Amino acid sequence: MKIARWKPLTLLFSAALVVVPTTATLAAPDATADSVVEDYYQDAIGKTGPELKTALHGIISNGTTTLSYDEVWDALKVTDEDPNNNANVILLYTGRSQGKDTNGGDADDWNREHVWAKSHGDFGTSPGPGTDVHHLRPTDVTVNSDRGNKDFDMGGTESEEAPGNFTDGDSWEPRDEVKGDVARMIFYMSVRYDGGDGFADLEVNDNVDNGSNPFMGRVSVLKQWNEQDPPDAGEQRRNQVIFDQFQHNRNPFIDHPEWVAEIW
């Protein structure tokens, strides 16, 4: 049985731009950074609904660099670097700071978590959605296995290895500090991969237990998480690093979280 543990939502998004620094190192926002990000989204400004989704797909699919699955290891050591210890990365679900070189497949190593589970659309680890760093994150090996390919929803039993995360037979609930991060990664994937590039058309729905279908739920919960946990400096930095150093595209829902409600 699901255990509802909703929090009051006090955040109201405005149409104002979420300012993102223009270098990998966080800096004070300025008019130049503001302009660069707005220029990137020029073709989407003023659009809503399906028209906005189509415009964003074109923007974030144009001129991108596709990584190999091996290259993802090195990318994550940069995108998820611990700001307080440059020898470590921060693991998504536990929040643990862990040595960059402890990646692998053994217990207590970290590995590459597909936040949009790769079986949902059967895209595996081939270049494309299987190697898109916008939804790949360092995660404890055991916790990654516990999450498996479950959809996202509220409730369940607390994870022993990752307190603050909850799971049951068909869903995973991440800790509060990354609920919005997870939601925005899922919404990015749904816009980025629309079936026109040889991969499945990835879509969010309001179900769990989606299996191998190219769907991920539960969209009503993900929308709540997007509002409950807005983008923070670390998520904005990560988006910028991916843009500057690796894929040369952005997650639009980090820059404009209000666009989630405009599309879904």
*Hey, can you tell me all the residues within the stretch 133-176 that are within 16 Å of the chain's Cα centre (by Cα) and either in a strand (DSSP E or B) or of a type in the set (Lys, Arg) (or both)?*
LEU136, ARG137, PRO138, THR139, ARG147, LYS150, ASP151, PHE152, TRP172, GLU173, ARG175
*Among the residues of the stretch 43-75, write down those that are over 20 Å from the mean Cα position of the chain (by Cα) and buried (at least 19 other Cβ atoms within 10 Å of the Cβ).*
ALA44
*Which one of THR125, THR64, THR48, THR94 is farther than 27 Å from ALA261 by Cα and in contact (Cβ under 8 Å) with a residue 60 or more places away in the chain?*
THR94
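Are any of the residues in the stretch 104-118 without any contact (Cβ under 8 Å) to a residue 24 or more places away in the chain and assigned to a helix (DSSP H, G or I)? Even if it seems obvious, please write down each step before you answer.
Residues of the stretch 104-118 without any contact (Cβ under 8 Å) to a residue 24 or more places away in the chain: 114.
Next, from what is left, pick out any that are assigned to a helix (DSSP H, G or I): none.
Within the stretch 104-118, none of the residues are without any contact (Cβ under 8 Å) to a residue 24 or more places away in the chain and assigned to a helix (DSSP H, G or I).
Give me the residue from the stretch 252-264 that is in a helix (DSSP H, G or I) and of a type in the set (Phe, Trp, Tyr) and, out of that set, most open to solvent (accessible area, probe 1.4 Å). If you could, list the steps in order and put the result at the bottom.
Step one: of the stretch 252-264, the residues in a helix (DSSP H, G or I) are 252-255, 259-263.
Applying the additional criterion that residues be of a type in the set (Phe, Trp, Tyr) yields 253, 259.
Numbers: PHE253: 0, TRP259: 20 Å².
Filtering first and then ranking leaves TRP259.
Given the options GLU203, GLU177, name the one that is open to solvent by 60 Å² or more (accessible area, probe 1.4 Å) and charged (D, E, K, R).
Values: GLU203 fails: open to solvent by 60 Å² or more (accessible area, probe 1.4 Å).
After ruling out the rest, the residue left standing is GLU177.
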_Residue count for the stretch 185-212, restricted to those that are closer than 28 Å to ASP82 by Cα and either part of a loop (DSSP other than H, G, I, E, B) or aromatic (Phe, Trp, Tyr) (or both)_ = 2
*What about ASP39, is it charged (D, E, K, R) and either at positive phi or at pLDDT 95 or above (or both)?*
no
*How many residues does the stretch 95-124 hold that are open to solvent by 40 Å² or more (accessible area, probe 1.4 Å) and within 17 Å of GLU177 (Cβ to Cβ)?*
2
*With the checklist (1) without any contact (Cβ under 8 Å) to a residue 60 or more places away in the chain; (2) open to solvent by less than 60 Å² (accessible area, probe 1.4 Å); (3) of a type in the set (A, V, I, L, M) in hand, flag the one item VAL78 doesn't pass.*
(1)
*Consider ARG192 against the criteria (1) buried (at least 20 other Cβ atoms within 10 Å of the Cβ); (2) at pLDDT below 95; (3) of a type in the set (D, E, K, R): it satisfies all of them except one. Which criterion is unmet?*
(2)
*Looking at the stretch 213-251, which of the residues that are of a type in the set (S, T, N, Q), buried (at least 22 other Cβ atoms within 10 Å of the Cβ) and outside any loop (DSSP other than H, G, I, E, B) is farthest from the chain's Cα centre (by Cα)?*
GLN240
*Count, please, the residues in the stretch 127-169 that happen to be open to solvent by less than 10 Å² (accessible area, probe 1.4 Å) and β-branched (Val, Ile, Thr).*
4
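The values are calculated or read from the model by the stated rules, or taken from the named source; none is laboratory data. Owing to the predicted nature of the structure, the values given are computational and were not obtained by experimental measurement. In this analysis, Cβ positions are derived from the backbone assuming ideal geometry, glycine residues included, and neighbour counts consider all displayed protein chains. In case anyone asks, the SASA skips ligands and DNA or RNA and just uses the protein heavy atoms, side chains included. Shrake-Rupley method; radii C 1.70, N 1.55, O 1.52, S 1.80 Å.
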